[in-house]
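So the structure is just underneath, and the comments pick up after that.
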Amino acid sequence: MLWRARILLFSLAIAGILLCAGCALIPIATLSTVFGLGSSVATTGPEVYREGKLDAALLARYPDVVAGVRAAVVDLRFHIERDEPDDQWGDARFIRVADDQESKIDITVDRRTSTVTRCRVDVGYFGSAPTAKLVMHQIETHLPEKARAATGPS
């Protein structure tokens, strides 16, 4: 039922565009995004960027990734606003940083196994994908040599 409603709304929008001969046209890609018919997903090696979040599974120990995040924040001259456990078992860490323009970046580190750690860099829905990739790359440069080789190029 939801798809029928979306298709109807999309069809009405297209019809409206076609009837506005001299008006400024809205690109079809914009309409499909507005109506939820499309989504943006970018995959580069072991990392996936979607809706302002860059996810990576790293072949590295949890403490090494947390230390890598903190070192990357120092390298990039960000300011740590929050650095706290994200669960009661100590298997997740939430770190919020801000740049000089007060743009916020949330970094979550989750222990998956003793040697696999998931790292998410969240720049916000309308955030900068290049910024997220830069932060992730900087985190990876601070991982042990063996772990960096396992994650592939960024």
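The residues in the stretch 124-142 that are buried (at least 18 other Cβ atoms within 10 Å of the Cβ) and either touching a Pro at 6+ places or on another chain (Cβ under 7 Å) or within 18 Å of residue 70 (Cβ to Cβ) (or both) can be counted, and the count is 7. Do the conditions hold for residue 93, that is, is it among the basic types (Lys, Arg) and either without any contact (Cβ under 8 Å) to a residue 12 or more places away in the chain or crowded, with 18+ Cβ neighbours inside 10 Å (or both)? For residue 93, the condition - among the basic types (Lys, Arg) and either without any contact (Cβ under 8 Å) to a residue 12 or more places away in the chain or crowded, with 18+ Cβ neighbours inside 10 Å (or both) - is met.
Is the stretch 79-90 home to any residue that is touching a residue at least 40 places away in the same chain (Cβ under 8 Å) and in a loop (DSSP other than H, G, I, E, B)? Outline the logic, then answer.
First pass over the stretch 79-90, keeping only residues touching a residue at least 40 places away in the same chain (Cβ under 8 Å): none.
Checked against the condition, which is being touching a residue at least 40 places away in the same chain (Cβ under 8 Å) and in a loop (DSSP other than H, G, I, E, B), the stretch 79-90 yields no hits at all.
Applying the selection to the stretch 96-121, what residues are touching a Ser or Thr at 6+ places or on another chain (Cβ under 9 Å) and buried (at least 20 other Cβ atoms within 10 Å of the Cβ)? Listed by number, the residues that qualify are 105, 109, 111, 119, 121.
Look at residue 21 and say whether it is at negative phi and modelled with pLDDT of 95 or more. No; evaluated as a whole, the condition is false for this residue.
The values are calculated or read from the model by the stated rules, or taken from the named source; none is laboratory data. Owing to the predicted nature of the structure, the values given are computational and were not obtained by experimental measurement. Don't worry about glycine lacking a Cβ; one is built from the backbone with ideal geometry, like all the others, and counts go over all protein chains shown.
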